Amino acid sequence: MKQRTSDDSLRILVHKASQNKQFLGSVLANYAEENGLDISDVVLKIMCPLKNMAILSLCKVPRESADFFNLDIRSISDYSGCDAGELANLVRECRALDAMRSLSTGDVPNDSVLMAARDKKDKKKDLKEVDETDGEDEP
Amino acid sequence: MSELSDKALDLHKRLIAGDPTATARLAQLLFPRLISHLRIKFGGEHERDYAESASDALMEYLADPTKFDPNKAHLDTYLKYAATRDMMNLKAKVARRSERIELVDPVELPEPDGNNKEHRGKDPVLQGLLDSADEEELTQLVQRVFTDGIDREIARLIVDDVRETVVYTEVLGIGNLPVDEQRSVVKRHKDRVKARLKRIIGLKK
């Protein structure tokens, strides 16, 4: 992010992203909370340079459909410098947790959980695909 | 079109197309500029408020980019306007909370004959029209019809039910005038814009 913006200002923007489910920041925040970690620990877990934490948080969550999921993971990984496989795992894990949580509160139909479970099963295959692709542009 | 507007438009298209990094790229491009814009426009040391307002404006757009119509404005202009509006709303909220300004509409002045009944509080006709209008449609209507920047900001404030004179004073840039004169100028502008709003919303129905 440009130097003219202070760290505090950026923190406010990133915090807002972490409260909106459309943004990756919310996935990072949920995972951190679920596992008693700091968000920076989660960022390091997916091998993203800490200096790119803000831009990673401000990316949109990858689309769910199989057609786009790998493509989106790859774009985010290329852009933020994180590990695509680790990011894919993290997003899937959070989705599965979310689906389980929603199911227990009766918010969603059962097939959401089934989708999350199916994603887990296909994880190895998908990650292989993601890892095999090259990056394009860095921030 | 400037290089910045070109870049922003390109990223807007990528965002609409589903590129998950477009949000972060747009934030990188525009967030610092929104903060600078607010800093220049409002002056003083309100960095946190600038960040809040710029973030709100940006996040609102990023969460639903279809609200922005590239045929009507440049994205940077659109967001500057939204951030300014958020900043003014924030200031109004702070002012209300600290009770430094009157809670009743101070803009409404008594009529010369002393009968100020119709001017007290909300304008019931306009309020009825605003209540029954679709919010999104109203926003677009204001954007389209009010070509003058100041009038458009005043119209937005009226639609948002912002009633504090101090906010209108800032939009009009008349903070240097005596308070009585400020009120009178603000009232004149508000009345004119209200009349126009009534007309356009009425015609639309």
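The values are calculated or read from the model by the stated rules, or taken from the named source; none is laboratory data. Keep in mind that this is a model prediction, so the values were computed, not measured. With ideal geometry, Cβ positions are generated from the backbone for all residues, glycine too; neighbour counts draw on all protein chains shown.
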> With respect to B:Val125, is the statement that it is modelled with pLDDT under 90, in contact with a Lys or Arg (Cβ under 9 Å, 6 or more places away or on another chain) and not in a helix (DSSP H, G or I) true?
Replying inline: no
> What do you reckon, is A:Ser18 within 12 Å of another protein chain (Cβ to nearest Cβ) and out of contact with any Cys (no Cβ under 7 Å at 6 or more places or on another chain)?
Replying inline: yes
> Out of (1) free of Cβ contacts under 8 Å to residues at least 60 places away in the same chain; (2) surrounded by fewer than 23 Cβ atoms within 10 Å (Cβ to Cβ); (3) touching a Gly at 6+ places or on another chain (Cβ under 7 Å), what's the single condition that is false for A:Ala17?
Replying inline: (2)
>> Residue pairs, Cβ under 7 Å, 6 or more apart or interchain, first in region A:57-81 and more than 10 Å from chain B (Cβ to nearest Cβ) and free of Cβ contacts under 8 Å to residues at least 40 places away in the same chain, second small (Gly, Ala, Ser) and crowded, with 24+ Cβ neighbours inside 10 Å. List them.
In response: none
> Is one or more of the residues making up region A:23-37 within 14 Å of chain B (Cβ to nearest Cβ), touching a residue at least 60 places away in the same chain (Cβ under 8 Å) and over 12 Å from the mean Cα position of the chain (by Cα)?
Replying inline: no
> Restricting attention to region B:152-169, does a residue exist that is over 21 Å from B:Thr84 (Cα atoms) and either without any contact (Cβ under 8 Å) to a residue 40 or more places away in the chain or not in a helix (DSSP H, G or I) (or both)?
Replying inline: no
>> I want to confirm something. Restricting to region A:23-47 and keeping residues that are modelled with pLDDT of 95 or more and in a loop (DSSP other than H, G, I, E, B), which single residue is surrounded by the most Cβ atoms within 10 Å (Cβ to Cβ)?
In response: A:Ile46
>> Need pairs with beta-carbon distance below 7 Å; first residue free of Cβ contacts under 8 Å to residues at least 40 places away in the same chain and within region B:46-69, second outside any helix (DSSP H, G or I); sequence gap 6+ or separate chains.
In response: B:Glu47/A:Ser6; B:Met59/A:Asn20; B:Tyr61/B:Phe68; B:Ala63/A:Asn20; B:Ala63/A:Gln22
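Just wondering, is there one or more residues in region B:60-72 that are touching a Cys at 6+ places or on another chain (Cβ under 7 Å) and facing chain A (nearest Cβ under 8 Å)?
Here is the first cut: in region B:60-72, the residues touching a Cys at 6+ places or on another chain (Cβ under 7 Å) are none.
No, region B:60-72 contains no residue that is touching a Cys at 6+ places or on another chain (Cβ under 7 Å) and facing chain A (nearest Cβ under 8 Å).
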> Picking from B:Leu4, B:Leu11, which residue would you name as being farther than 15 Å from A:Lys16 by Cβ, surrounded by 21 or more Cβ atoms within 10 Å (Cβ to Cβ) and more than 11 Å from chain A (Cβ to nearest Cβ)?
Replying inline: B:Leu11
> Does A:Ala99 qualify as being in contact (Cβ under 8 Å) with a residue 12 or more places away in the chain, more than 10 Å from every other protein chain (Cβ to nearest Cβ) and crowded, with 21+ Cβ neighbours inside 10 Å?
Replying inline: yes
> Consider B:Ala57 against the criteria (1) more than 9 Å from chain A (Cβ to nearest Cβ); (2) surrounded by fewer than 18 Cβ atoms within 10 Å (Cβ to Cβ): it satisfies all of them except one. Which criterion is unmet?
Replying inline: (2)
> Going through region B:170-205 one residue at a time, which ones are in contact with a His (Cβ under 9 Å, 6 or more places away or on another chain) and in contact (Cβ under 8 Å) with a residue 24 or more places away in the chain?
Replying inline: B:Val171, B:Lys187
> Under the condition of being more than 16 Å from B:Leu79 (Cβ to Cβ) and charged (D, E, K, R), which residue from region B:33-48 is farthest from the other protein chains (Cβ to nearest Cβ)?
Replying inline: B:Glu45
